[in-house]
2 protein chains.
Amino acid sequence: MMGEKMLHNQITAQIIAIGDELLIGQTINTNAAWLGEQLNAIGIKVHRSLVISDNRDEIIKALNEASAQSHIIIMTGGLGPTKDDITKHTLCSYFNSELVINEDVLARITEFFERRGLPMLEVNRLQATVPKDCTVIHNFRGTASGMWFERGDRVFISMPGVPYEMKGMMEDEVFGKLAAFYKRPVIRHRTILTTGVGESFLANQLSDWEKMLEERSIALAYLPSPGMVKLRMSSYNEAGRDVEADFNACETELHRLVGEHVYGYDKDTLQEIIGSLLKQQSATLSLAESCTGGTLSRLITSVPGSSEYYLGGTVTYANEMKVRFLGVPRTLIETHGAVSSEVALAMAEGARAHFGSDWAISTTGIAGPGGGTDTKPVGLIYVAVAGPGGSLCIELRLGKRRDNNMDMAAFAGLNLLRKEILKQKAEF
Amino acid sequence: MMGEKMLHNQITAQIIAIGDELLIGQTINTNAAWLGEQLNAIGIKVHRSLVISDNRDEIIKALNEASAQSHIIIMTGGLGPTKDDITKHTLCSYFNSELVINEDVLARITEFFERRGLPMLEVNRLQATVPKDCTVIHNFRGTASGMWFERGDRVFISMPGVPYEMKGMMEDEVFGKLAAFYKRPVIRHRTILTTGVGESFLANQLSDWEKMLEERSIALAYLPSPGMVKLRMSSYNEAGRDVEADFNACETELHRLVGEHVYGYDKDTLQEIIGSLLKQQSATLSLAESCTGGTLSRLITSVPGSSEYYLGGTVTYANEMKVRFLGVPRTLIETHGAVSSEVALAMAEGARAHFGSDWAISTTGIAGPGGGTDTKPVGLIYVAVAGPGGSLCIELRLGKRRDNNMDMAAFAGLNLLRKEILKQKAEF
């Protein structure tokens, strides 16, 4: 009965992350983002996410608030073996329960330590205790078990804060249990990724287009991040409407308006798009990095299977290494300086020749915060691409933040390569 | 008067991040971690951090709750020029205020667009409106102004969600204004960084040591993250106690107990520690990466001034490139396979010779998720260091997650280099 009633309402979830380390900023709460994304995909809307300290009163207050607001309350953290971890005891008292040894869990923990040849300590044995009236959520990646409590149409879930363990438990058990417990409306998203223009410019170009979305009950969000703006369309439509057809119609119109700035969809990354393009062409890539210091290479190799098209790269930080590994003429560096379009082009062409790849990207610049001059300020970066049809270089004038400059230059390099591959495809 | 009363109480802050993109997980709330850390450093304790959607009712409910719980309420997000950004209008109604054009802000926005040669749109002009009775927090990095409201001993602050803009506004104005508004007790932290042992092992070794901390009113937290456990000591002591002396005594005892596993303090990173050690020795470093794919190089170059000691590196993904760029004998790869201690050692020694550096780190392994065999499974990684006194290699057997394997192997490489440099120092 409950399931049927629920069908017509949005199922809401609230995340409560417990841990002083999150509040004082020593750990970033990546769990909340992951949970939000995964729950959303199965039609459960996270409407609130909270971080509180390892403190009994705070936990109980948060549980009281949350149970009045949300169907599903997901807690992460505070289940470790050490004294500052008090979530389990607090849940036990919140649900008027008592801790008992769970033999399954004890056997698993014992085996966990035996397999690793580690001694099992009393604190680990105590991890096998759980509140009597919860359902244990098994943790096959660590020693802290999760807990599932039901109270009417509310579900309370507690899991460890270690992302790898929590994600494993959600995937092994929790998503399935939630899907069985609640019937859910359909939520769909489509995100279009743009680069090269700002949020205000897009909003201005797209004001009529936004009306088109409204007519179709599609919500729109602009999500700017360094170097890009994501446009996310969301439809919470439950009834018979063909959401995909609506998305397609809106997307076609968007392409007409600002298509030159669109580079991908949803979770596409430039490195994955480039990987697909290179695989289609059976083409190979090499890298010649200076100021990006390995950033481009890490991005390219983060894609599983990148060894199919990525031959390798150099990080030539010292000028001499640009000469030795890439064959950049020493006179070119002396005449124009290492930070110049001439050297960027020679690096990309040198990488292409030395690695024997079809394509190459190079970067050279002043990442900062020090090292700038009047004529070559911090943030001046040259990015070049060499390919079968020749090479070209762009100049970036970025800010003073080292990490940001490295990331933005790497992003620009990937996008330049993407455009050059597409241009070449169009020509042949 | 309020200031004096406050002196004896903890000043508490609450962070309210506003934005659907945070709840559905498209953006990770790094702002909360940064704010927590910075506020903590000036003696303000963040006791709660909340994320809610761009929804008027949710914002007002959160403000009502927060103002009953916390002295300082810091809001981030929802101030952009687009329709989904409603924070400013909601604050205006919450404080019974009205929006008026602020001429200073208008002038700054106009100048912002003129300087960049961009057209100024009506939506940007509207960004110059602020609630009549707030103090404007100027934003010198973007077009959305911040707002500061006072209600008795409560302060409400609203800033844009773009991290770079928010951080700039905090540093330019807000920290100073908060320090002037509230007197604060002293909170100090010292964090000791360990690697090579787990949380349970440490907790067991340190149970007596924890009593020593308790006697000195020092709170302890274990903060595990991949490859390391941080031990954070916190003292909220207001009175005359010499907190630094207490920290020093506890640290000495900790070194006696588990000193071999300690690699640094507070915000030290292995790449910074290595940078300092290399600079002390006037020594240089090169890298020969395979399975870490540029991760080590990015870490090393993320340290400003790393060009003093880092000559460069290669990412030799294809076997042929290990031969060509590092002089690894082809027969060695054929006999032992590219993933072997022999090849790892030859890569490190080859990098040292080809770059002419004092030290070199190499990595070769199967990062996954594919590519494993029975004898060489996914997660098998060799990490080698070559230096003035010879070279050595360690074998890692990690999991199946590509990004994690790349990060853990890079961490292991940095730690191996650190230990080898220290060993060499001790010998001479």
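FYI, it's all coordinate maths here, none of it is from the lab. Source: prediction; values computed, not measured. Please note: Cβ atoms are built from the backbone with ideal geometry, for glycine as well, and neighbour counts cover all protein chains shown.
Spin-label model, A:Ser341 to B:Asp208: label points 7 Å out along the Cα-to-beta-carbon direction sit 7.1 nm apart. Working from Cα positions, state the angle (0 to 90°, nearest 10) between the long axis of helix A:270-281 and the longest principal axis of chain A. For A:270-281 against chain A, the angle is about 60 degrees. Principal-axis analysis of the Cα atoms of chain A puts helix A:30-41 at an angle of about 80° to the longest axis. Scalar couplings 3J(HN,Hα) for region B:198-210, obtained by applying the Karplus form with A = 6.51, B = -1.76, C = 1.60 to θ = phi - 60°, are x, 4, 5, 4, 4, 4, 6, 5, 10, 4, 5, 4, 4 Hz; x denotes Gly and Pro.
Between B:Tyr265 and B:Leu193, the built amide H atoms are under 5 Å apart, and every one of these is 5 or more places off in sequence or on another chain. Relative contact order of chain A, taken over Cα pairs closer than 8 Å and 6 or more residues apart, is 10 percent.
Converting phi to 3J(HN,Hα) with the Karplus coefficients 6.51, -1.76 and 1.60 and the offset θ = phi - 60°, region B:217-229 yields 6, 9, 7, 10, 10, 9, 10, x, 8, x, x, 8, 10 Hz in sequence order, with x at every glycine or proline.
With respect to the axis relating copies B and A by rotation, the chain B residue whose beta carbon is closest, plus that distance in Å, is B:Gly294, 2. Peptide B:303-310 has a mean shielding of 4, counted as Cβ atoms of other protein chains within 10 Å of each residue's Cβ. Here A:Asn64 and B:Ala41 are evaluated by their C-beta separation; at R0 = 25 Å the FRET efficiency comes out at 0.20.
The percentage of C-alpha pairs in region B:270-427 whose separation is greater than 23 Å is 30%. Length, then width, then depth: along the principal axes, the Cα atoms of the protein assembly as shown run 68, 66, 59 Å.
Applying Stokes-Einstein at 10 °C and 1.306 mPa s to the Kirkwood radius of chain A, computed over alpha-carbon pairs, gives a translational diffusion coefficient of 63 µm² s⁻¹. Normalising the average separation of contacting C-alpha pairs (under 8 angstrom, six or more residues apart) by the number of residues puts the relative contact order of region B:270-427 at 24 percent. The same position B:Ile86 in the other copies lies at 3.8 nm from this copy, comparing label points 7 Å beyond Cα toward the beta-carbon, shortest first. Per-residue 3J(HN,Hα) values for region B:104-115, derived from phi via the Karplus relation 6.51 cos²θ - 1.76 cosθ + 1.60 with θ = phi - 60°, read 4, 5, 4, 5, 5, 5, 4, 5, 3, 6, 4, 4 Hz in sequence order (x marks Gly and Pro). Label-to-label distance for B:Arg151 and B:Thr269 is 4.0 nm, based on points extended 7 Å past Cα in the beta-carbon direction.
Sparsely packed loop sites in region A:250-345 (the trypsin sites (Lys or Arg not before Pro) outside DSSP H, G, I, E and B with at most 11 other Cβ atoms within 10 Å) comprise A:Lys267. Check cross-link reach from A:Lys419 to the lysines: straight Cα distance under 17 Å, and skip same-chain residues fewer than eight apart. Within the straight-line limit of under 17 Å, A:Lys419 reaches these lysines: A:Lys279. Between the beta carbons of B:Thr375 and A:Glu171, assuming R0 = 30 Å, the FRET efficiency works out to 0.55 to the nearest 0.05. Rounded, prolate or oblate: pick one for region A:188-265, where a ≥ b ≥ c are the square roots of the eigenvalues of its C-alpha gyration tensor, a/c under 1.5 means rounded, and failing that, prolate if a/b is larger than b/c, else oblate. Here region A:188-265 falls in the prolate category. In this structure, B:Glu111 and A:Ala249 have a Cβ-Cβ separation that, at R0 = 35 Å, corresponds to a calculated FRET efficiency of about 0.30. Checking every one of the GluC sites (Glu not before Pro) in region B:19-99 against DSSP loop status and a limit of 13 other Cβ atoms within 10 Å picks out B:Glu98. Averaging the sequence gap over all C-alpha pairs within less than 8 Å and six or more residues apart, then dividing by the number of residues, gives region A:2-181 a relative contact order of 21 percent. Projecting 7 Å from Cα along the Cα-to-Cβ direction, the label point of A:Gly399 sits 3.4 nm from its equivalents in the other copies, listed shortest first. Taking the label point 7 Å along Cα→Cβ, A:Gly117 and its counterparts in the other copies are spaced 6.6 nm apart, in ascending order.
Per-residue extension of 0.36 nm, minus the Cα-Cα distance of A:Glu122 and A:Val197, leaves a gain of 21.1 nm for this segment. Which of the three applies to region B:2-181, rounded, prolate or oblate, going by the alpha-carbon gyration tensor with a ≥ b ≥ c and a/c under 1.5 meaning rounded? Prolate, since a/c reaches 1.5 and a/b exceeds b/c. Once the Cα atoms are used to define both axes, helix A:341-355 deviates from the longest principal axis of chain A by about 80 degrees.
Dipole check for region A:268-420: with +1 at the C-beta of Lys and Arg, -1 at the C-beta of Asp and Glu, and the Cα centre as origin, the magnitude is about 200 Debye.
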